[in-house]
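Step one of this worksheet: look at the structure below.
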Number of protein chains: 2
Amino acid sequence: MTTSREIHLKSRPAGMPSVDNFEVATVILPDPGPGEVQVRNLWMTVDPYMRAQMYKVSSYHLPFQIGEALQGGAIGEVLVSNDPALKPGDLVQSAFGWREAFNAPAAMARKLDTRGLPPQAFLGVAGMPGMTAYIGLLRIAALKDGDVVFVSAAAGAVGQVVCQIAKLKGHTVIGSAGGPGKIAYLKEIGVDHAIDYKTEANLAAAVLRAAPGGIDVYFDNVGGDHLEAALTAARPLARFALCGMISQYNAPGRGPGTGDLIKVVGKQLRLQGFVQAAHSDMAPAFIADMSKWIAEGKVTWRETIEQGIENAPAAFLKLFTGENIGKMLVKLG
Amino acid sequence: MTTSREIHLKSRPAGMPSVDNFEVATVILPDPGPGEVQVRNLWMTVDPYMRAQMYKVSSYHLPFQIGEALQGGAIGEVLVSNDPALKPGDLVQSAFGWREAFNAPAAMARKLDTRGLPPQAFLGVAGMPGMTAYIGLLRIAALKDGDVVFVSAAAGAVGQVVCQIAKLKGHTVIGSAGGPGKIAYLKEIGVDHAIDYKTEANLAAAVLRAAPGGIDVYFDNVGGDHLEAALTAARPLARFALCGMISQYNAPGRGPGTGDLIKVVGKQLRLQGFVQAAHSDMAPAFIADMSKWIAEGKVTWRETIEQGIENAPAAFLKLFTGENIGKMLVKLG
């Protein structure tokens with residue numbers, strides 16, 4: 001018998017969420033049933049996309065339910081196994097984040113081969129955010145020689161990988177982020193032009209100063225003013241990989257709207273939205289490439305770590321106030 | 001020596017243009033020089049895209065200059081030819097619209113093979129607007145079996161062709177237009193669901209009533225509220241061919257903005273802008289297909305005709321008040 005604390009959705013946020021929208025519940029796990037494992041989580045992830053699941057109707061993924069535990073990626077250690085495929089001590093990856101421990105069918109806890117990396121890297125650079133960067137740049141934006149790449153939220157979990165993949169492939173990279181700490185990090189990872197959007201009155205002008213000829217690829221994690229700046233700075237035939245729009249997630253009803261979409265016509269732009277899960281066919285290539293790039297020192301990463309399940313809601317909220325550099329993680333146990 | 005009246009840009013419109021932004025000038029054409037032809041125009045076209053050229057800076061095409069004649073497609077008859085390739089009486093197509101007659105190098109007046117069609121069809125269904133429909137549906141939206149197609153400004157020069165190509169290829173077509181005359185026309189050409197946007201408080205709801213499962217393709221001629229409705233009604237992986245945004249052309253500075261772009265991410269939509277001129281490689285296929293479809297009675301069209309060069313500005317303005325059904329043309333001479 002194991003005790004686990006987990007985070008429940010207490011109420012649906014209207015606009016910016018607060019810690020009051022969440023509550024900590026303590027549950028007692030029975031012994032795992034036949035074919036099940038019991039796992040103690042070591043790490044869990046918080047990601048901006050989870051905000052969408054807090055609405056009653058979610059445009060992708062299933063919405064979270066009031067009074068139930070949230071869900072998300074986690075790395076844990078098997079405590080008890082009733083399946084021969086897993087044994088106590090094995091590291092596993094699952095979708096049972098936001099809780100300290102859980103019972104589940106063994107098939108829902110994938111054994112993790114860390115390939116010498118810290119396990120939590122599989123919630124970041126070597127996991128969903130890293131693969132999102134890879135898919136967005138290589139498949140959705142169809143990166144090609146000579147492209148000038150603009151990335152928003154460039155110091156975030158996805159953005160930091162976008163910057164580095166584009167750099168190792170020889171591209172000029174413009175990254176936008178907020179505050180001197182993030183700007184310093186962007187320079188450290190080789191970004192050619194790091195723009196602190198908090199100090200720029202005219203973001204499009206800043207992008208065009210960095211790339212007077214315009215940009216060919218925009219990797220959007222922000223939407224709103226960043227998307228408008230990219231429309232202004234885009235060269236004809238530029239491709240936009242729309243990965244997320246953190247500026248829009250908390251807009252109650254609808255946001256202020258994106259102006260200047262008419263530029264999509266005249267400049268013959270392609271704006272394409274994508275979700276990582278629909279491109280799982282790229283996973284083997286991603287894992288092979290990313291392992292090699294990390295081993296060669298071509299891709300590095302930052303993490304921002306909060307301690308303890310009780311701080312998971314606060315960690316999630318910090319994504320929207322931009323307090324993380326690199327991947328935001330919660331360390332459990 | 002020939003006298004010609006032509007339309008000059010008198011001042012740059014701010015917002016919705018008025019007839020005061022234009023003036024009629026009379027010019028005297030000298031005899032054409034060596035290698036030149038003199039042409040009397042029979043028909044000229046007015047198209048919404050010309051509004052963009054009335055700004056000081058145009059995102060595509062060159063801007064019109066104050067005090068100079070506007071430009072655009074025209075069909076004329078050769079009066080005098082100093083080039084063996086053309087002879088008096090030949091029908092020619094040129095970019096020297098907005099004037100009654102002109103001198104030009106013979107290479108700038110392309111001899112027109114009407115294939116039994118009325119010459120002005122080459123300013124409409126068999127010309128730029130028809131080919132725009134063809135490119136947008138077949139290449140940009142990549143129409144495929146089973147797609148449900150939504151078209152805005154469906155009774156306009158481009159929209160009427162989009163509807164009919166989609167119908168002859170077996171698709172369910174939802175067309176939006178304003179007013180009972182246009183709605184009747186849409187039904188006449190086989191549109192499955194004709195939506196009068198002027199009577200619909202909630203356009204997205206109207207589209208979803210017509211297609212409860214959502215739309216797969218949106219052909220945008222309008223932007224703004226129509227684009228937002230399409231985002232709401234889109235099925236996952238829908239493709240949007242962005243051809244024009246007539247609702248935005250007169251917005252001084254920037255329009256009110258398009259909300260809900262976040263749906264592009266979750267639904268994995270692809271929004272692609274295009275201009276017809278960049279896809280001239282499709283011209284032979286377009287001409288072959290369109291000639292056949294017209295001969296088989298599968299594509300028909302409407303025209304709205306104004307008489308005389310002095311009424312060309314008024315004809316142009318009527319595009320923005322939606323007074324045309326089908327192609328808006330000016331008959332000259």
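Counting only alpha carbon atoms, the long axis of helix B:224-233 and the longest principal axis of chain B meet at about 40°. Summing charges over all other residues whose Cβ lies under 14 Å from the Cβ of A:Ala101, with Lys and Arg as +1 and Asp and Glu as -1, gives -2.
Computed from Cα atoms alone, the Kirkwood hydrodynamic radius reported for the protein assembly as shown is 27.6 Å. Were the residues from A:Met108 through A:Asp281 laid out at 0.36 nm apart, the gain over their Cα-Cα distance would be 60.3 nm.
What percent do you get for the relative contact order of chain A when only Cα pairs under 8 Å and 6+ apart count? Spell out each step's value before the answer.
Working: 729 pairs, mean separation 59.4, N = 333.
Worked out over chain A, it gives 18 percent.
Label-to-label distances for A:Gln65 across copies, nearest first, come out at 7.1 nm, using points 7 Å from Cα in the beta-carbon direction.
Rg and Dmax of chain A, based on Cα coordinates, read 20.3, 64 Å.
Copy-to-copy label distances for A:Asp196, where each label lies 7 Å from Cα along Cα-to-Cβ, are 5.9 nm in order of increasing length.
Rounded to the nearest 0.05, what FRET efficiency is calculated for B:Thr321 and B:Thr300 with R0 set to 35 Å and r the Cβ-Cβ distance?
On the way: r = 25 Å, r/R0 = 0.71.
Efficiency for this residue pair is about 0.90.
Each Cα pair under 8 Å and six or more residues apart adds its separation to the average, and for segment B:221-333 the resulting relative contact order is 22 percent.
Bridge orientation summary for chain B: considering DSSP beta bridges with both residues in this region, about 55 percent are antiparallel.
Chain B has one residue whose beta-carbon comes closest to the axis relating it to chain A; that residue and its distance in whole Å are B:Gly257, 1. Taken along the Cα-to-beta-carbon direction at a fixed 7 Å, the label points for A:Glu68 and B:Leu237 span 2.7 nm.
Residues with beta-carbon under 15 Å from that of A:Gly146, excluding A:Gly146: net charge, scoring Lys, Arg +1 and Asp, Glu -1? Don't jump to the answer; show the numbers that get you there.
Working: positive: A:Lys144, A:Lys167, A:Lys169, A:Arg235, A:Arg239; negative: A:Asp145, A:Asp147, A:Asp192, A:Asp216.
Combined, the nearby Lys, Arg, Asp and Glu give +1.
Taking other Cβ atoms within 10 Å as a rough exposure proxy, A:Phe316, A:Phe22, A:Phe219 sort from fewest to most as A:Phe22, A:Phe316, A:Phe219. Within the same chain, lysines fewer than 8 places from B:Lys331 are excluded, and of the rest, those with a Cα less than 29 Å from its Cα are B:Lys10, B:Lys56, B:Lys87, B:Lys111, B:Lys182, B:Lys187, B:Lys292, B:Lys298, B:Lys318.
Please give the calculated 222 nm ellipticity per residue for chain B, where each DSSP H segment of at least 4 residues contributes -39500 (n - 2.57) and the sum is spread over every residue; nearest 500 deg cm²/dmol?
Working: 8 runs with 69 residues, N = 333.
So the helix-based figure for chain B works out to -5500 deg cm²/dmol.
The ranking of B:Tyr185, A:Tyr218 from fewest to most other beta carbons within 10 Å of each one's beta carbon is B:Tyr185, A:Tyr218. Spatially, segment B:263-333 and segment B:98-171 are offset by 5 Å when compared through their Cα centroids.
Computed over segment A:133-278, the P(r) tail beyond 20 angstrom holds 40 percent of alpha carbon pairs.
Annotation: amide H of A:Gly72 within the under-5 Å range of A:Phe96, A:Gly97, sequence separation 5 or more or interchain, hydrogens built in the peptide plane.
Residues with beta-carbon under 9 Å from that of A:Glu77, excluding A:Glu77: net charge, scoring Lys, Arg +1 and Asp, Glu -1?
Local charge sum for A:Glu77: 0.
Placing a label point 7 Å from Cα along the Cα-to-Cβ direction at A:Thr321 gives distances to the equivalent points in the other copies of 5.5 nm, listed shortest first.
Of the residues B:Asp192, A:Asp145, the one with the fewest other Cβ atoms within 10 Å heads the list, and the complete ranking is A:Asp145, B:Asp192.
Loop-located GluC sites (Glu not before Pro) in segment A:206-310 (DSSP state not H, G, I, E or B) with no more than 16 neighbouring Cβ atoms inside 10 Å: A:Glu296.
Values in this text are rule-based calculations from the coordinates and carry no lab data. Just so it is clear, the structure is predicted and the values come from calculations on it, not from any experiment. Don't worry about glycine lacking a Cβ; one is built from the backbone with ideal geometry, like all the others, and counts go over all protein chains shown.
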